[in-house]
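Read the structure below first, then the notes.
The values are calculated or read from the model by the stated rules, or taken from the named source; none is laboratory data. Source: prediction; values computed, not measured. Please note: Cβ atoms are built from the backbone with ideal geometry, for glycine as well, and neighbour counts cover all protein chains shown. Each accessible area value is taken on the protein alone, full model and side chains, heavy atoms only, with ligands, DNA and RNA left out. Shrake-Rupley method; radii C 1.70, N 1.55, O 1.52, S 1.80 Å.
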Amino acid sequence: MRPLILALTLVLATSASTAGRDPFIEEDVLTFALPDLEGRTVSSSDPALRGKVLLIDLWATWCPPCISEIPTFVDLQERYGEQGLVIVAIAFESDDDEDSTRADRLREFVEHHSINYLVLDGGPPEEFATALPQLKNVRGFPVEVLIGRDGTIVDVRNSYGYKKKWARKLERELAELLDTPVE
């Protein structure tokens, strides 16, 4: 129940001053430096991400629409990874469980769902603004950020979970971005 309360707090806090607008990134750059599930810091400036098409997914394990998108992301990463697609899922999880860490719970979730893309620990939901300060007007999860090979933000949007129409549109967008040469 607490994740729901935290999510609602996030929704109300971030939408109060920017009501009515879609999520957006100030300065057209999304920067982050967050731990992966092994504790290594992964940065938006990491050389392994340069020249790649990035799909950044902001999500949580307690978010049903987020979970519904996972099979599509697994499929897209498998089919387009060698062409330069990198899916980066930034998870926002609570610290409620005294028996295990967020990273432990995320590793178990990743294994259970056979996630084949990069998962980072964004921290607890109430620290969302600290983890991604350039991202504004987020009203809930999931949120998708599409970034072209040149590092340009292509789109920032709320997502609402798996739908065939959503999956087809996302695949078309990614295929188009992957066809764009690295300059």
So what is the accessible area of region 127-179 per residue, in Å², with the probe set to 1.4 Å? 51
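Which whole-number percentage describes the relative contact order of the chain, with Cα contacts under 8 Å and a sequence gap of 6 or more? Kindly include the intermediate steps, with their values, before the conclusion.
On the way: 320 pairs, mean separation 62.9, N = 183.
Reported relative contact order: 34 percent.
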Between Asp96 and Glu126, what is the label-to-label distance in nm when each label sits 7 Å out along the Cα-to-Cβ direction? 1.4
Mind grabbing the accessible area of Trp166 for me, 1.4 Å probe, Å², rounded to tens? 40
Tell me what the chain gives for mean residue ellipticity at 222 nm when only DSSP H runs of n ≥ 4 count, each as -39,500 (n - 2.57), the sum divided by the residue total, rounded to 500 deg cm²/dmol. -10500 deg cm²/dmol
Once each part is reduced to its C-alpha centroid, what is the distance from region 72-104 to region 105-168 in angstrom? 8
Given a 1.4 Å probe and every protein chain left where it sits, what share in percent of the accessible area of the chain is carbon and sulfur? 52
Over region 45-103, what is the mean sequence separation of C-alpha contacts under 8 Å (at least six apart), divided by residue count, expressed as relative contact order in percent? 45
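If you count the DSSP beta bridges with both ends in the chain, what percent of them are antiparallel, to the nearest 5? Numbers along the way, then the final one.
Numbers: 16 of 28 bridges.
Of those bridges, close to 55 percent are antiparallel.
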Candidate aspartates and glutamates - alpha carbon under 13 Å from Lys165, same-chain residues fewer than 8 apart omitted: Glu69, Glu173
How far is it, in nm, from the label point at Ser45 to the one at Asp150 when both lie 7 Å from their Cα along the line to the Cβ? 2.1
Measuring from label point to label point, each 7 Å out along Cα→Cβ, what is the Glu173 to Asp104 span in nm? 3.7
Intensity falloff of the chain expressed as log10 I(q)/I(0), Debye formula with alpha-carbon point scatterers, at q = 0.09, 0.13 Å⁻¹: -0.29, -0.64
May I ask you to evaluate 6.51 cos²θ - 1.76 cosθ + 1.60, the Karplus curve with θ = phi - 60°, for each residue of region 146-160 and list the ³J(HN,Hα) values in order in whole Hz, giving x for glycine and proline? 9, 10, x, 4, 7, x, 6, 6, 8, 7, 10, 7, 6, 10, 10
Net charge near Lys164: determine it from the other residues with C-beta under 14 Å of the C-beta of Lys164, scoring Lys and Arg +1 and Asp and Glu -1. +2
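Under a 1.4 Å probe, what is the accessible area of region 26-83 per residue, stated in Å²? If you can, show how the numbers build up before the last one.
On the way: 2920 Å² over 58 residues.
Here the per-residue accessible area is 50 Å².
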